[in-house]
1. Quick one: count up the residues across segment 346-372 that are surrounded by 17 or more Cβ atoms within 10 Å (Cβ to Cβ), modelled with pLDDT of 95 or more and more than 16 Å from Ser163 (Cβ to Cβ).
2. Within segment 304-321, does at least one residue satisfy the condition of being modelled with pLDDT of 95 or more and on the phi > 0 side of the Ramachandran plot?
3. Filter segment 351-383 down to residues that are part of a helix (DSSP H, G or I) and within 28 Å of Val325 (Cα to Cα), then give me how many there are.
4. Does Leu65 satisfy the criteria of being among the hydrophobic types (A, V, I, L, M, F, W, C) and touching a Phe, Trp or Tyr at 6+ places or on another chain (Cβ under 7 Å)?
5. Restricting to helices (runs of 4 or more DSSP H) lying wholly in segment 76-164: which have 1 or more residues that are modelled with pLDDT under 95, surrounded by fewer than 22 Cβ atoms within 10 Å (Cβ to Cβ) and among the polar types (S, T, N, Q)?
6. What are the pairs, 6+ residues apart or on separate chains, where a residue within segment 155-183 that is without any contact (Cβ under 8 Å) to a residue 40 or more places away in the chain has its Cβ under 9 Å from a residue that is of a type outside the set (Gly, Ala, Ser) and surrounded by fewer than 13 Cβ atoms within 10 Å (Cβ to Cβ)?
Amino acid sequence: MQRSGRFLFASLLALTASSVLVGCGGSSSSDANNVSFDAAPMIQHLGNDVILQTYKNLNTAAANLQTASAAMVDDTITEQELDDAQAAWKQVRVYWEASEGFLFGPVDAQGIDPAIDTWPLNTSDLQAFLSTGTKTPADIRAAQDNVKGFHAIEFLLFGDGVSSNDQQAADIDASELAYLDSLIQVLHENTDALETAWTTQYDTGNPASGPYIDQFTQPGTTSLYASQSAAVEELVSGVIAIIDEVGNGKLAEPFGTSLANADTTKVESQYSWNSLTDFHNNVRSVLHIYTGELDFDLQNDTPNPIKNGLMAFVFAHDSALAQQVFDEIKAAMDAIALIDGDDDVSTTDITNNSTQKPFHNAIKEPSLRDEIQTAIDALAELQVTLQSKVQPLISRTNFSL
């Protein structure tokens, strides 16, 4: 049985004594309509245990993909080696898509996002690029973004995805395999640079810049974030941006305004049939920021503001709104999970069974277009709530710094 996810009043009583919240209005507020809130525990927890940990997981998964790639080029590629590489690509994709709710800092400033995740892939340019000879990592670094990164790797690992996402080892020739190996090496270089920027040095031109995690978790006059308010604004803006992108971009653009103008060429991650999993994990990045938990089980766990997710900030102002935001996140994720047509909200992984449909098929099927519209509507509702009800709370907060 699914649980509603509503938190218990016992946790609310415990929260009032927690250092997470300084107060909920009253004597410490300079404005009777304001709430006093010390965001330091929330910012530090989200910075270290959600954002940075996601980037560490991403980099580890990219290293595993590179190991799988090396196994393919060591000798004649086998079906098992290709299967292992495909599974490794999907695992890296999990962590990347689950980071898109916080695309700020080095991932943006260092151009890592476009270098590894530009879509659409230009397959004509990719083939032309490949035809000019064996590609080294140096060639990949210098190449335009739309012939490298996740989707170039995906195309070579999974094939064109039209009738199947099950590429055969014999379909990958020696030049494609060399190109694939170089692509994966450079992808790993980028994920490693991202982790390094957060843990060691965020400004590649300034050895004294220090780790970005310190900038984010220690706002003040010497930080890139002058105040707790600026850091919270960054978090809220990040989750709004990805909800907007998934609902109005990744879902709505291929979906079109009618069955007649649905456009499969606009579907991201179509070669691997991983689109719905990508979209689900995009919204999961919002769930992680909101609950403060990377291992939150959407169907069984209860959100609690004491966990120092963004929920703590919203709850300080309005407990009903805090629950509403969670409910809308869950509704959006459940709606995305139902698009594959198997009536199961627990997974979006396409296993090629007869009941599941990849997204590029779903947009062309009348029976599933209602499911897609439901997901688009759920994401729109969540976006409106975040923009009209959560974001304005920042200006109504007396932060500790």
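1. Selection size over segment 346-372: 5.
2. To start, the set of residues in segment 304-321 that are modelled with pLDDT of 95 or more comprises 304-321.
Checking the rest, the ones that are also on the phi > 0 side of the Ramachandran plot come to 308.
Within segment 304-321 (the criterion being modelled with pLDDT of 95 or more and on the phi > 0 side of the Ramachandran plot), the answer is yes, since at least one residue qualifies.
3. If we filter segment 351-383 for residues that are part of a helix (DSSP H, G or I), which is where we start, we get 359-362, 366-383.
Then drop every residue that is not within 28 Å of Val325 (Cα to Cα), which leaves 359, 362, 368-383.
Number satisfying all stated conditions: 18.
4. Numbers: among the hydrophobic types (A, V, I, L, M, F, W, C): yes; touching a Phe, Trp or Tyr at 6+ places or on another chain (Cβ under 7 Å): yes.
So Leu65 fits the description; yes.
5. Values: elements: 79-97, 106-109, 112-117, 123-131, 137-142, 150-158.
Answer list for segment 76-164: 123-131.
6. Cβ pairs passing all conditions: Ala170/Glu79; Ala174/Thr134.
The values are calculated or read from the model by the stated rules, or taken from the named source; none is laboratory data. Because the structure is a prediction, the values reported are computed rather than measured. Here Cβ is always computed from backbone atoms with ideal geometry, including for glycine, and neighbour counts include all displayed protein chains.
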